[in-house]
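These notes concern the structure reproduced below.
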Amino acid sequence: MCASPSLYRPAALPAPVVSLPRNLRTRTVLIVSSDSGHRAQLVATLGDLRWRVLEADCGAAAWTQAAETPIEAALVDSWLPDLEVNEFLQEFRQQHPRADLMHTDGAQIAGAPRSSYRQELLFALRRSAPSDTAAWNAAPDMDAAVESASPARHVELRKPMATAMVASAPLRHPVAEVEPLPSLIGRAPAMLEVSRRVRLVARHRTSVLIEGPTGTGKERVAETLHRLSDRNSKPFVAINCAAIPEALLEAELFGHTRGAFTGAVQGRTGRIESADGGTLFLDEIGEMPLALQAKLLRFLECGELQRVGENTTVRVDVRILAATHQRLASDARAGRFRADLYHRLAVFLIRTPPLAAHKEDLPQLVEFLLERLGERMPIKRIDAEAMERLTSYSWPGNIRELEHVLERAAILAGDSPWIRATEIEFGLEDDSEA
């Protein structure tokens with residue numbers, strides 16, 4: 001994993017001087033990709049073509065490699081886990097003006113020189129093209145036209161990166177070949193992108209912000225991230241910041257000693273401490289009071305917490321996942337949420353789509369939810385007219401509403417094994433028609 005240095009572009013190191021006959025001179029290429037599998041394929045192919053291959057899994061590692069060894073070419077992902085790729089390429093091109101630069105999908109980079117070995121590089125890229133979408137695919141820009149234009153989103157290349165990983169490059173490859181995760185139902189492009197992003201970030205300890213409308217499965221995404229991580233044997237602790245009164249939320253998160261406040265008849269371990277070694281999921285983080293946000297930010301920066309009523313600190317190792325139905329970037333710009341905490345939480349961003357945006361997944365979701373209902377009542381199936389009625393609905397409550405509608409319909413169906421259109425009732429729509 002790439003370790004974030006204090007400066008992304010290290011001080012220039014003296015390059016070794018190698019004098020070889022021209023026909024024996026080693027050609028060196030740098031591969032910059034967070035996908036280790038794709039790097040391995042490129043290493044094998046380019047090695048057969050007598051290239052010396054250097055590898056970097058992020059932009060910071062690429063700077064170090066290129067500073068230590070002269071390169072003829074660099075193959076760079078359309079998305080990098082630690083740097084905005086366009087800024088990286090602009091600076092890299094200035095520092096290595098003779099290097100042939102290409103994206104790992106074969107796309108040319110404007111202004112980069114074409115080396116005499118370009119055809120060998122293109123051959124290697126075609127031969128090693130992965131069969132599934134992985135880290136080397138460009139990450140799509142979610143509302144980049146709005147968010148990337150904000151000064152708060154701009155980070156200079158030489159400064160430590162602490163902002164959301166939202167690439168400005170357009171999506172260069174479809175996600176149609178991505179295999180959906182079993183716990184994230186759906187094959188629509190929007191859901192496949194969620195599965196892709198979950199796979200990319202799950203194995204890292206990176207903080208993740210999950211944004212999406214209410215009822216779109218943000219907690220399920222968080223649980224999946226935990227199960228796919230190397231922390232899956234440790235606790236997954238969830239807390240809804242909007243469900244706990246403001247006066248008690250601090251003690252709930254950080255713990256408290258006996259007598260710390262009225263009613264504290266005994267000490268209690270906080271949710272953060274109980275998640276030690278595992279994952280803490282902060283649902284509806286946008287509802288956290290500003291004063292408490294400062295204390296949470298302090299914990300994220302140093303990994304130490306102070307229980308309410310205590311003067312000593314406790315070191316805790318947790319991975320933070322947060323979720324909100326709000327657009328925290330806009331709230332941070334408006335001062336309704338701490339901008340520094342936003343950047344700490346939104347190192348990697350996942351957006352869950354509303355159900356109306358992936359209605360093609362409705363049959364699969366209905367089947368899954370009916371199977372789950374069958375664990376506590378007789379299993380039901382749904383007929384074509386009922387499915388058509390479900391498809392024509394706008395689903396303002398998203399998947400959570402779908403689950404409730406199906407449970408209501410299963411009860412109304414009585415002893416019948418089939419759910420029919422007459423048993424499908426939508427609360428908001430039916431009230432408006434009454």
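The values are calculated or read from the model by the stated rules, or taken from the named source; none is laboratory data. Owing to the predicted nature of the structure, the values given are computational and were not obtained by experimental measurement. So basically every Cβ, Gly included, is an ideal-geometry build from the backbone, and we count neighbours across all protein chains shown.
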Fill in: Selection within the stretch 373-384 - loosely packed, with under 12 Cβ neighbours inside 10 Å and not in a loop (DSSP other than H, G, I, E, B)
Ala384
Fill in: Filter pass, Leu412 being touching a Leu at 6+ places or on another chain (Cβ under 8 Å) and not acidic (Asp, Glu)
no
Discussion item. Return the residues of the stretch 42-63 that are under 30 Å from the mean Cα position of the chain (by Cα), surrounded by fewer than 18 Cβ atoms within 10 Å (Cβ to Cβ) and assigned to a helix (DSSP H, G or I); say none if nothing qualifies.
Written reply: Ala44
Discussion item. Within the stretch 358-365, does at least one residue satisfy the condition of being in contact (Cβ under 8 Å) with a residue 24 or more places away in the chain and under 21 Å from the mean Cα position of the chain (by Cα)?
Written reply: yes
Response to the item:
Ile109: passes all of (1) among the hydrophobic types (A, V, I, L, M, F, W, C); (2) assigned by TED's automatic domain parsing to the domain that holds Leu122; (3) closer than 24 Å to Phe348 by Cβ; (4) at pLDDT below 85 but (3)
Worksheet entry | The one condition in (1) modelled with pLDDT of 90 or more; (2) within 14 Å of the chain's Cα centre (by Cα) that Pro189 fails to fulfil | (2)
Item to complete: Name, by its number, the condition in (1) under 30 Å from Ser416 (Cβ atoms); (2) touching a strand residue (DSSP E or B) at 6+ places or on another chain (Cβ under 6 Å); (3) among the basic types (Lys, Arg) that does not hold for Arg271.
Response: (1)
Item to complete: Could you tell me whether any residue of the stretch 78-92 is under 24 Å from Phe123 (Cβ atoms), modelled with pLDDT of 85 or more and not assigned by TED's automatic domain parsing to the domain that holds Arg196?
Response: yes
